[in-house]
1. Assuming 0.36 nm per residue, please report the length gained on full extension of the stretch residue 32 to residue 164 beyond their Cα-Cα distance.
2. Using 0.36 nm per residue of separation minus the Cα-Cα distance, give me the extension gain between residue 10 and residue 154 in nm, one decimal.
3. Counting other C-beta atoms within 10 Å, which of 36, 13, 92 has the fewest, and how do the rest follow?
4. Mind checking which of 145, 57, 137 has the largest fluctuation in a GNM of the chain, springs on alpha carbons under 10 Å?
5. I'd like the FRET efficiency for residue 136 and residue 87, computed as 1/(1 + (r/R0)^6) with the beta carbon distance as r and R0 of 41 Å, rounded to 0.05.
6. Using the beta-carbon distance between residue 114 and residue 58 and R0 = 25 Å, what value does 1/(1 + (r/R0)^6) give for FRET efficiency, to the nearest 0.05?
7. Cross-chain or 8 or more residues apart, Cα under 30 Å: how many lysine pairs in the chain fit that? Count them up, please.
8. Show me the helices of the chain, taken as full DSSP H stretches, that run 18 Å or more along their long axis by Cα and average -1.0 or above in Kyte-Doolittle hydropathy.
Amino acid sequence: MARTMWDSSVGKKTVMAVSGLIMLAYLVVHMIGNLKIYFGAGEFNHYAHWLRTIGEPFMHYEWTLWLIRIVLVVAVAAHATSAYQLSRRDIKARPSAYVHAKPRASYATRTMRWGGIILGLFVVWHVLDLTTGTVHPGRFEHGHPYQNVVGDFSHWYSNVIYIVAMLALGLHVRHGFWSAAQTLGVGSRTRDRALKTLANVLALLLTAGFIAVPVGVMTGVVS
């Protein structure tokens, strides 16, 4: 049954929708946590430490954090695999060019695939940048996330990479949220306007919230 569901286009779209919503929920929480940087080094570092102690003493140190990471990795893999397979299936279904021009799609729709690739590459960079410090071992301080964030966004190229990725994220969320609602049967004629508005608001808040961190460092508000 599960195999049959997965092999169908509806099944793959459902997997994309559910995995996308899991990642969206994480992004909202992650953005709120990031904004704690405006309350100073003590508050931000304490928050980063708390993430590693969630569930103690029942859960061992960092176990909950690793559980969250595993769920996210599975969600990302399922989302990317479904998207790729649906894309290949769509191409095979229409091997020849359209005779008539297709209706012009929104910018977000036309850049979903490239946006996904950009975000995938950014996730790898982000982990190597601010989680492991691999890309700049000389200035990375383990256990000092506030100092690492400020140091990172004091360099123009980190700001460019981050801001471009967050703009791509906003477009991805804007289209993806509404698409997920349709796939899961939440959308309807009466709810479409509200869902599109919610998608726009979520995309705007996430983009602005994440970009607020490098902007805060660049302007000296966070230092």
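Every read-out reported here was derived from the displayed coordinates using simple, explicitly stated rules and does not represent laboratory data. It should be emphasised that the depicted structure is a prediction, and the values quoted were computed from it without experimental measurement. All Cβ positions, even for glycine, are placed from backbone atoms using ideal geometry, and neighbour counts span all protein chains on display.
1. Working: separation 132, 0.36 × 132 = 47.52 nm, distance 1.97 nm.
So the extension gain works out to 45.5 nm.
2. Result for the pair: 47.3 nm of gain on full extension.
3. On the way: 36 15, 13 18, 92 8.
Arranged by neighbour count, lowest to highest, 36, 13, 92 become 92, 36, 13.
4. Checking each option, the largest mean-square fluctuation is seen for 57.
5. Working: r = 35 Å, r/R0 = 0.85.
E between residue 136 and residue 87, to the nearest 0.05, is 0.75.
6. Numbers: r = 43 Å, r/R0 = 1.73.
Plugging the Cβ-Cβ distance into 1/(1 + (r/R0)^6) gives 0.05.
7. Number of lysine pairs found: 9.
8. On the way: long enough: 9-34 (36 Å, 1.21); 63-93 (45 Å, 0.73); 112-126 (20 Å, 1.27); 156-183 (40 Å, 0.70); 192-218 (39 Å, 1.43).
Membrane-span-like by this criterion, though nothing is claimed about a membrane: 9-34, 63-93, 112-126, 156-183, 192-218.
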